[in-house]
Amino acid sequence: MYIFAFALQLLALLAAIAGGGLALLQLWQARENLLPIIEKVHLCISMALLLASALLLHALFWNDFSLQYVANYTDRVLPVFYRLTAFWAGQPGSMLFWALAVTLSGSFFTCTRAYRQLSRTTRLWYWSFFYVTMAFFALVLTCWSNPFILQTPVPSDGNGLNPLLQNPGMIFHPPLLFLGYGGFTVPACLALAQALSGYRDTEGAWFCLSRPFILTAWACLTAGIVLGAWWAYMELGWGGYWAWDPVENASLIPWLVATAALHTLVVEERHNKLGRVNVALITLTTVSAFFATFLVRSGVVDSVHAFGDGGVGTPLALFVLCGLLVTLFVPLAMPTRGTHLAGLASREGMVTLTAWLFLALACIILTATMWPVISKLWAAAPQGLDARFYNRVCLPLCALLVLTMAVCPWVGWNGGLRSPQKLLIVLASAVASAVVIWMLGYHRVTALLAASSAVGVGVGTFLLLGIGRTQAQKTTVGALGTHMGLALVALGVAFSGPYSHDQELTLIKDASVTMRDYAVTLQQLDKGRRADYDYIAAHVRVTRDGKELGTLIPERRIYDKFGSMQFSEVDVIPSLGNEIYASLLGLDSEGNVVVKVSVEPLVNWLWIGGALMCLMPFFGLSRLRRKIPNAASYFPKNKK
């Protein structure tokens, strides 16, 4: 059965090579008669990868340890939902899932009215790029990262899933990232295809035709990053949610590039400018996703999240380099459109500035992440850059971004102000909130700027929602809601980052220990055993000014199949203000309980804002209810 699964992956490889080669041959011969066959090749690839994925899920569900992959990442006591999600727990399975996400995105696109609107030449170019991508995935799966390797003798049980991955966040975090990466493949291939075909004026602009894929991919990528941060907060036990780890940074870079593209696409849609830039940015988003995978799977940088070098590092590096060349040269084949950009004192200029800030952050994070590799050129013992560097450099730029978000909506596209009175209200609310925050004792400049600007964005959002009732303005709800979500994230980061407080407490039963305004009391210590691990759990009561806030029950676990390694299970007393967070460090030499207790101010606003950012882009799909117009109608007259 699993030989058949491998044969399916090989079939996908051969079909992708044949389909891509046939499409290029048709373009070279200036013929289009074989396009129907080229389109049907994709059905073959999709069905092959779908069946291969189903066979892997079958093996995971039935604990078929004859597969090396199943034995490495599951065991008999693992709950069924964790067994199935082990699909993407390891390198081979995650590569198969990503390939499946790409091919299914392509399948959905071929069923849309937008695809049927494309010229035959654009379709041929589209399939050329798409099949090259699919051929690379299939090549990796068949040569370096095959999830269907058999082993003998068959073990009676598997190695089990890393306890850190046995968390609801890790059920959804990796697949959402891959759905985001895969979703951007369709608009990237379409943008390149239209740049080379030159049929944009007759078939419609690529970014309007692929709008649902752009927004859905961005929302999935955002959700994956937010869930990854929540997982780190709830599972790793250190009280934070973002450590600027290389793999964390790797997923953030495509998001920053994609977010920059969303802003420059607004300029192109309204004013027919930045056409070449947008083709380059949407392609760079997909290329940077492959670069993120390269970081995780090449062993080039050290990370607790990395898979290590499984042989795919070199192929990924070559593919990324080829993608960069395509990103650089294909947009140059496009004709120049539009006039020069307006000045910074216009909304066009401020939107472009926002995009450049996102790109600057991406470049800084990329350089800092690769610094251990770069510094090898002159240092015998290179060292990476720690979180302090990222915080000093990146957080001020993030605060400036939030301030730009507060001001930009009130600037006219041609310059001037849309509503000076409302802008004054926004600025006044930001200044007033800054004064209040300062008086409350929060004096860090970056946090103060970010928090007050976030208040300005919130006030501005409510003012903007009350302006007008036209359909065009209703479709801005998605953008406003997303900006509001980002402002709430900024608010949460501004306080939970620099103003969190943690302390290691040694607790004796029924004796209270004071931590700032809080009294922490150990009620009892439980010891026991569950299905596949031993545990100790501390019951810790927390009070403030005599009022009981709740009981924390952090745990320490030792799993049977992971030796003497200890794993922490944290607990929290949730709050929209100060959240109390606790992790059990263990017992001291005298048998006393040692607990790390943290006060995390406004941290839950980060998750609330992140949820808004994931959901609100779908409101932007409402434009699709209208008939897809021709290219000329994408660029209405400039409105102030």
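Answer yes or no: is there a residue in the stretch 89-103 that is among the β-branched types (Val, Ile, Thr) and in a loop (DSSP other than H, G, I, E, B).
no
Among residues belonging to the stretch 113-126 that are open to solvent by 20 Å² or more (accessible area, probe 1.4 Å) and in contact (Cβ under 8 Å) with a residue 24 or more places away in the chain, point out the one that is nearest to LEU176 (Cα to Cα).
For the stretch 113-126, the residue satisfying everything is ARG113.
Please find, among ALA48, ALA7, the residue that is within 21 Å of THR152 (Cβ to Cβ), in a helix (DSSP H, G or I) and without any contact (Cβ under 8 Å) to a residue 60 or more places away in the chain.
Unique residue meeting the criteria: ALA7.
Only helices (runs of 4 or more DSSP H) wholly contained in the stretch 182-260 count here; list those with 3 or more residues that are open to solvent by less than 20 Å² (accessible area, probe 1.4 Å) and either touching a helix residue (DSSP H, G or I) at 6+ places or on another chain (Cβ under 7 Å) or of a type in the set (Phe, Trp, Tyr) (or both).
Of the helices (runs of 4 or more DSSP H) lying wholly inside the stretch 182-260, those with at least 3 residues that are open to solvent by less than 20 Å² (accessible area, probe 1.4 Å) and either touching a helix residue (DSSP H, G or I) at 6+ places or on another chain (Cβ under 7 Å) or of a type in the set (Phe, Trp, Tyr) (or both) span 185-197, 206-209, 211-235.
For the stretch 289-300, name all the residues that are open to solvent by less than 10 Å² (accessible area, probe 1.4 Å) and either assigned to a loop (DSSP other than H, G, I, E, B) or modelled with pLDDT of 90 or more (or both).
ALA289, PHE290
Between residues in the stretch 328-347 that are closer than 16 Å to ASP201 by Cα and residues that are of a type in the set (S, T, N, Q) and open to solvent by less than 60 Å² (accessible area, probe 1.4 Å), which pairs lie under 8 Å by C-beta distance while being six or more apart or on different chains?
So the pair list comes out as ARG337/ASN272; GLY338/ASN272.
Could you please let me know if ARG270 is among the basic types (Lys, Arg) and modelled with pLDDT under 85?
When the stated conditions are applied, ARG270 does not pass them.
Closer than 29 Å to LEU141 by Cβ and at pLDDT 90 or above, is that true of PHE329?
It is true that PHE329 is closer than 29 Å to LEU141 by Cβ and at pLDDT 90 or above.
Let me confirm something: among PHE65, PHE6, which residue is among the aromatic types (Phe, Trp, Tyr), crowded, with 20+ Cβ neighbours inside 10 Å and over 27 Å from the mean Cα position of the chain (by Cα)?
Selected residue: PHE65, the only one of PHE65, PHE6 that is among the aromatic types (Phe, Trp, Tyr), crowded, with 20+ Cβ neighbours inside 10 Å and over 27 Å from the mean Cα position of the chain (by Cα).
Report yes if MET515 is at pLDDT below 95 and closer than 16 Å to TYR581 by Cβ, otherwise no.
yes
Look at the stretch 509-544 and say how many of its residues are closer than 20 Å to SER568 by Cα, touching a residue at least 40 places away in the same chain (Cβ under 8 Å) and open to solvent by 40 Å² or more (accessible area, probe 1.4 Å).
Going through the stretch 509-544 one residue at a time, the tally reaches 2.
Out of the residues in the stretch 599-640 that are open to solvent by less than 50 Å² (accessible area, probe 1.4 Å) and among the β-branched types (Val, Ile, Thr), state the one that is modelled with the lowest pLDDT.
Top of the filtered list is ILE628.
So which residues in the stretch 107-117 are out of contact with any Gly (no Cβ under 9 Å at 6 or more places or on another chain) and either within 17 Å of LEU316 (Cβ to Cβ) or not charged (D, E, K, R) (or both), if there are any at all?
If the condition is that a residue be out of contact with any Gly (no Cβ under 9 Å at 6 or more places or on another chain) and either within 17 Å of LEU316 (Cβ to Cβ) or not charged (D, E, K, R) (or both), then SER107, PHE108, PHE109, THR110, CYS111, THR112, TYR115 are the ones that fit.
Can you find, within the stretch 464-482, the residue that is farthest from HIS263 (Cα to Cα) among those that are among the aliphatic types (A, V, I, L, M) and modelled with pLDDT of 85 or more?
Filtering first and then ranking leaves LEU464.
Whether any residue in the stretch 373-396 is over 22 Å from ALA250 (Cβ atoms), touching a residue at least 24 places away in the same chain (Cβ under 8 Å) and either open to solvent by less than 60 Å² (accessible area, probe 1.4 Å) or part of a helix (DSSP H, G or I) (or both) is what I want to check.
yes
State all residues of the stretch 51-78 that are in a loop (DSSP other than H, G, I, E, B) and in contact (Cβ under 8 Å) with a residue 40 or more places away in the chain; if no residue qualifies, say none.
Answer for the stretch 51-78, where residues must be in a loop (DSSP other than H, G, I, E, B) and in contact (Cβ under 8 Å) with a residue 40 or more places away in the chain: ASN63, PHE65, SER66, THR74, ASP75, ARG76, VAL77, LEU78.
In the stretch 431-460, what count of residues is obtained for those that are within 27 Å of the chain's Cα centre (by Cα) and either at pLDDT below 90 or over 21 Å from TRP605 (Cα atoms) (or both)?
Number satisfying all stated conditions: 0.
Within the stretch 405-439, count every residue that is in a helix (DSSP H, G or I) and either polar (S, T, N, Q) or closer than 25 Å to LEU344 by Cβ (or both).
20
Among the residues of the stretch 138-157, what is the count of those that are within 28 Å of ASP560 (Cα to Cα) and either crowded, with 24+ Cβ neighbours inside 10 Å or without any contact (Cβ under 8 Å) to a residue 60 or more places away in the chain (or both)?
Number of matching residues: 3.
With the condition kept exactly as written, say whether any residue in the stretch 361-371 is open to solvent by less than 50 Å² (accessible area, probe 1.4 Å), among the hydroxyl-bearing types (Ser, Thr, Tyr), farther than 16 Å from VAL266 by Cα and under 29 Å from the mean Cα position of the chain (by Cα).
Yes, there is a match, as at least one residue in the stretch 361-371 is open to solvent by less than 50 Å² (accessible area, probe 1.4 Å), among the hydroxyl-bearing types (Ser, Thr, Tyr), farther than 16 Å from VAL266 by Cα and under 29 Å from the mean Cα position of the chain (by Cα).
Any chance you could count how many residues in the stretch 558-585 are open to solvent by less than 20 Å² (accessible area, probe 1.4 Å) and free of Cβ contacts under 8 Å to residues at least 24 places away in the same chain?
Within the stretch 558-585, residues that are open to solvent by less than 20 Å² (accessible area, probe 1.4 Å) and free of Cβ contacts under 8 Å to residues at least 24 places away in the same chain number 0.
The values are calculated or read from the model by the stated rules, or taken from the named source; none is laboratory data. Computed from a predicted structure; not experimentally measured. With ideal geometry, Cβ positions are generated from the backbone for all residues, glycine too; neighbour counts draw on all protein chains shown. Note: accessible area is taken over every heavy atom of the protein model, side chains too, but ligands, DNA and RNA are not part of it. Shrake-Rupley method; radii C 1.70, N 1.55, O 1.52, S 1.80 Å.
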